[in-house]
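K.L.:
Okay, handing you the structure first.
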Amino acid sequence: MQETRLTNPYRRLGNLFLALVMSLSAGIIFTGCAGDTTNEGGDPDPSSTSNGDDFEFNVDLPERTLSDDELQTANKVRIHQLGDVQHINFVTATDNQSTIMGFLTHQYLYNLDPKTYEYVPVLVKERATISEGEDGKVRMVFEIRPEAKWDNGRSITAEDVIFSLKIIFSPDIETVDRLKPYLDYIEDIEVDASNPKKFTVVCKRPYMSAETSISNNLLIVPDYVYDPQNILDNYSLKDLLDEEKNKELQNDANLKEFAKFFNSDEFKFEKISGSGPYEFVKWDTNERLVLKKKENWWGDAVHGNDPDHPWFQAYPDEVIYTTITDLTTAVVALRGQSIDAMQAVPNKQFVEELKLDNDFLGKYDMDAPPLFAYDYIGINTRDPRLTDVKVRKAMAHAMNVKQVVKTELYGLGQQMVNIIHPLFKNRFNSDIKPYAYNLQQAKTLLEEAGWTDSDGNGILDKEIDGELEELSFKIYVNNGNDRRKSSAIIFKDGLSKIGVEIDIRILEWATFLDKIHKKDFDLYVGGWAASPVESDPAQIWHSKSYADGSNYVGFGSPESDALIDKLRETVDNETRFGMYKELQKMIHDEVPYIFLVVQRNRVAASRKYDNVYGTGLRQGFHPNGFNAVSSITQD
């Protein structure tokens, strides 16, 4: 059999993030709703070592020998996923895996460059032109690329942006309330009379992230697929965006008919339609989901003129997401070359086994890019047993986070302190210290809160509203995540020593999400995947987000809500960053979360592809750019 030698496609990437951070330049500065942003608000400080950004992950790769059979499979990419997507209506799906997959099938106006972490135009020709009018309102002018077309050949225009925004503000659309805080600053969209691809976004009030919020939170979808009866044509965007007029439309029969259609199983499990490079082929539940490259995709023309643009690269003919719910089993599949790329490789295997295995390194590259994500224990603060902050603080003192760092991360992470990644020093409140593991202090707090073991069964109890309640809780963990399971075990062990009983329940991903969204939990081990740019805290931390947003734990007070509202409308960086620090102090004092760890990703990708690199964005690599090896270089 003929064999060919391949040079390493992405060597020396261990310190990639530091180099990228140092190359970032200041972002747009302007007044009004779009705000004053620096590095799009992210501004990671390369001098910080608080998250180990001086960390280097170096692997000396042996030469790779590729057979003809192996090269012939390089037109497909098989990517591991821990669990199925929630569903395939990526407008309403809320899980991280759906977001990742949506990048392949749909497009935003902008997206983040996975190498530089800067926003780059995708559906639009260039970044918005921003000005303040005589009426004092800020206007942002965008223009859709001339090449942009839907799968039926129809041009993508400003009306498609309007339609997509109408969906978010239509009554009864599932889960979209989580997006409204990012878009409710918009008053209207005006279409250029002479150019249907050109439009102006009019802002009703200042908003810190106005330009990037509409550009990177609004998935653009076609009305001919998602509203074939043209129901939304009968309602103006301005009325739907107006809070009072929207209330009047809540029981509108036609809008309810549209919502029923849009929320239907057809779009959740059978059909995807977007302007991205890949189309849906099939979904075998708990096995695989298959996407294939579209023939004559409009973006290929853009790629021809701009081959380095990451979101117009679409080299694989097929992208296959393979579900393996156990990470150890997934590593076995990786070793056996039945999957081509994997993130979140278990730390122990990544550091102590794969990195030292020359046979594996002959087949796969490895990298440890930063993760803008963290684990936490969510506490149902509206449970009568957990409303007293002393109980929540006691739980925080009973959690040995340093043990998780030592035994689970193997040097690839650290303890998380609060809601801001420690790399972002301009917004990170360094005065806040994590709750130390201290069982005696935990016991004292519970005693102060009135919890005793009145019946001698080893579990603390207390009378609440005339009923004897015990400190006995269920904690939910999603299946397949050994790190979070270990965190729950360590948590249980600490609490058992102070009279608190914990029952660990491992749930399938979909069941886990359903429990959390319905607030049907005592405690859970969760995680937030974010991006390296400044995010709006309202979705997770404003009390308005308890009903339909992502404030699952019920955090919030008039004071914290007022601070968040003010923060969102503050365009001066220094002032706004100070408000972030105030919010962190409020969250720390109230303990709605027990913050666990922030870590580095652990990525492996087959060496049968060129243009492979680690990234701090979700997934840890950019599969669109995986280019089958076409020319092999002798080392």
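The values are calculated or read from the model by the stated rules, or taken from the named source; none is laboratory data. Fair warning: this is a prediction, and the values are worked out from it, not measured in the lab. For neighbour counting, all protein chains shown are included, and Cβ atoms are generated from backbone atoms with ideal geometry for every residue, glycine included. To get the accessible areas, we keep the full protein, side chains included, count just its heavy atoms, and leave off ligands, DNA and RNA. Shrake-Rupley method; radii C 1.70, N 1.55, O 1.52, S 1.80 Å.
K.L.:
Among the GluC sites (Glu not before Pro) in segment 312-405, which ones are in a DSSP loop with at most 11 other Cβ atoms within 10 Å of the Cβ? Mind listing them?
P.N.:
Filter output for segment 312-405: empty list.
K.L.:
Turning to a different aspect of this structure: State the percentage of accessible surface on segment 551-635 attributable to carbon and sulfur atoms; use a 1.4 Å probe and exclude ligands, DNA and RNA.
P.N.:
46
K.L.:
Restricting the calculation to Cα positions, tell me the Rg (one decimal) and the Dmax (whole number) of segment 447-592 in Å.
P.N.:
When restricted to the Cα atoms of segment 447-592, Rg and Dmax are 18.3, 57 Å.
K.L.:
Report the gain in length on full extension from ALA547 to GLU501: 0.36 nm times residue separation, minus Cα-Cα distance, nm rounded to one decimal.
P.N.:
Difference between extended and current length: 13.7 nm.
K.L.:
Related question: Between beta-carbons, use under 13 Å as the cut-off and find the net charge around HIS517, counting Lys and Arg +1, Asp and Glu -1.
P.N.:
-2
K.L.:
Another question, if that's okay. Can you give the local net charge around HIS622? Use residues other than it whose beta-carbon is closer than 11 angstrom to its beta-carbon, Lys and Arg +1, Asp and Glu -1.
P.N.:
With Lys, Arg at +1 and Asp, Glu at -1, the net is +1.
K.L.:
Give me the 1.4 Å probe accessible area per residue for segment 96-203, excluding ligands and nucleic acids, in Å².
P.N.:
35
K.L.:
Something else now. Work through the residues other than ASP453 whose Cβ is under 12 Å from its Cβ and net out their charges, Lys, Arg +1 and Asp, Glu -1.
P.N.:
-3
K.L.:
Once R0 is set to 30 Å, what does the formula 1/(1 + (r/R0)^6) return for the Cβ-Cβ distance between LYS245 and LYS585, expressed as a FRET efficiency to the nearest 0.05?
P.N.:
Step by step, r from the Cβ atoms, then E = 0.20.
K.L.:
Which far-off residues, 5 or more places away or on another chain, put their amide H under 5 Å from the one on GLN81, with H placed in the peptide plane?
P.N.:
THR322, THR323, ILE324
K.L.:
A further question on this structure: Given the C-alpha centroids of segment 181-221 and segment 252-324, what is the distance between them in whole angstrom?
P.N.:
After rounding, the separation between the Cα centres reads 24 Å.
K.L.:
Can you find, among VAL202, MET399, TYR278, the residue farthest towards the positive end of the dipole of the chain? Put +1 on the C-beta of Lys and Arg, -1 on that of Asp and Glu.
P.N.:
Farthest towards the positive pole: MET399.
K.L.:
Report, in debye and to the nearest 20, how large the dipole of segment 294-397 comes out about its Cα centre when Lys and Arg carry +1 and Asp and Glu carry -1 on their Cβ.
P.N.:
It comes to approximately 980 debye.
K.L.:
How much length, in nm to one decimal, is gained on full extension between ASP561 and LYS406, taken as 0.36 nm per residue of separation minus their Cα-Cα distance?
P.N.:
Length gained, ASP561 through LYS406: 52.1 nm.
K.L.:
Running Debye on the chain with equal point scatterers at the Cα sites and no solvent, what base-10 log of I(q)/I(0) appears at q = 0.06, 0.08, 0.11 Å⁻¹?
P.N.:
-0.33, -0.60, -1.17
K.L.:
While we're on this one: What Kirkwood Rh does segment 164-261 have if only Cα atoms enter the pairwise 1/r average? Answer in Å.
P.N.:
About 14.2 Å, per the Kirkwood formula over Cα pairs.
K.L.:
Hey, another quick one. ASP192 versus GLU508, label points 7 Å from Cα toward the beta carbon: distance in nm?
P.N.:
5.0
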